[in-house]
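Here the structure comes first, spelled out in structure tokens, and everything after it is commentary.
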Amino acid sequence: MRVLVDTNIVLDFVPARQPFFAEADEIFVRLLTGEFEAFVSAITPINVFYTTHKEKDKPTAFLAIEELLKVVEITRSDKFIFQNALIHGFSDYEDAVQCACALAENLDTIVTRNAKDYKNARIKIYSPHNFLARLKRV
């Protein structure tokens with residue numbers, strides 16, 4: 001299964017945000033065991049660096065990006081993606097961009113804590129809990 005991991009899941013994992021860390025951690029453990037292939041949009045590493053730098057420090061932020069890039073693929077990001085995101089009818093442009101990235105890469109699903117923000121998505125959306133339950137069924 002090819003999955004776009006929403007920025008919020010990565011941000012739950014990297015600085016170990018509570019109460020969301022446990023599910024994010026399990027998602028990354030299952031990624032490392034090869035249960036699925038993970039992608040993030042090109043904006044995710046930038047957001048992770050910025051947030052981690054603010055919450056922790058710059059060396060921790062650089063290390064977080066280095067480790068993230070070892071385990072995920074980056075979706076393509078071009079003018080078409082950013083234009084296409086405008087027509088999806090999302091209230092949040094960042095979510096629209098991530099959805100457009102997932103569609104352009106023909107991914108199977110998006111895992112996000114903000115499923116309500118993806119109500120107009122033309123792709124299957126899973127909460128972390130439901131995604132982990134699906135992996136356990138397979």
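Restricting the search to region 110-125, which residues are crowded, with 20+ Cβ neighbours inside 10 Å and at pLDDT 95 or above?
Within region 110-125, the first condition is being crowded, with 20+ Cβ neighbours inside 10 Å, and the residues that meet it are 110-112, 117-118, 121, 125.
Hits for region 110-125 are ILE110, VAL111, THR112, ILE125.
Whether any residue in region 77-93 is touching a residue at least 24 places away in the same chain (Cβ under 8 Å) and under 12 Å from the mean Cα position of the chain (by Cα) is what I want to check.
Among the residues of region 77-93, not one is touching a residue at least 24 places away in the same chain (Cβ under 8 Å) and under 12 Å from the mean Cα position of the chain (by Cα), which makes the answer no.
Please find, among GLU73, GLU35, the residue that is among the charged types (D, E, K, R), within 16 Å of VAL3 (Cα to Cα) and under 14 Å from the mean Cα position of the chain (by Cα).
Testing whether each residue is among the charged types (D, E, K, R), within 16 Å of VAL3 (Cα to Cα) and under 14 Å from the mean Cα position of the chain (by Cα) leaves just GLU73.
For residues that are buried (at least 23 other Cβ atoms within 10 Å of the Cβ) and closer than 11 Å to LEU4 by Cα, tally how many sit in region 94-109.
5
Could you tell me whether region 52-66 includes any residue that is modelled with pLDDT of 95 or more, closer than 19 Å to PHE20 by Cα and either in contact with a Leu (Cβ under 8 Å, 6 or more places away or on another chain) or of a type in the set (A, V, I, L, M) (or both)?
yes
Taking LEU135, is it at pLDDT 95 or above, part of a helix (DSSP H, G or I) and touching a Lys or Arg at 6+ places or on another chain (Cβ under 7 Å)? Steps first, please.
Details: at pLDDT 95 or above: yes; part of a helix (DSSP H, G or I): yes; touching a Lys or Arg at 6+ places or on another chain (Cβ under 7 Å): yes.
Spelling it out, LEU135 is indeed at pLDDT 95 or above, part of a helix (DSSP H, G or I) and touching a Lys or Arg at 6+ places or on another chain (Cβ under 7 Å).
Would you confirm, using the coordinates I've provided, whether SER91 is of a type in the set (S, T, N, Q) and surrounded by fewer than 21 Cβ atoms within 10 Å (Cβ to Cβ)?
Details: of a type in the set (S, T, N, Q): yes; surrounded by fewer than 21 Cβ atoms within 10 Å (Cβ to Cβ): yes.
Considered against the rule, which asks whether it is of a type in the set (S, T, N, Q) and surrounded by fewer than 21 Cβ atoms within 10 Å (Cβ to Cβ), SER91 comes out as yes.
Which residue, of ALA61, ALA16, ALA22, ALA102, is assigned to a helix (DSSP H, G or I), without any contact (Cβ under 8 Å) to a residue 60 or more places away in the chain and farther than 17 Å from LEU135 by Cβ?
Exactly one residue qualifies, and that residue is ALA61.
Looking at region 33-51, can you tell me whether even one residue there is part of a loop (DSSP other than H, G, I, E, B), buried (at least 18 other Cβ atoms within 10 Å of the Cβ), touching a residue at least 12 places away in the same chain (Cβ under 8 Å) and on the phi < 0 side of the Ramachandran plot?
Yes - at least one qualifying residue is present in region 33-51.
The values are calculated or read from the model by the stated rules, or taken from the named source; none is laboratory data. All values reported here derive from a predicted model rather than from experimental measurement. No Cβ is skipped: glycine too gets one built from the backbone with ideal geometry, and neighbour counts run over all protein chains shown.
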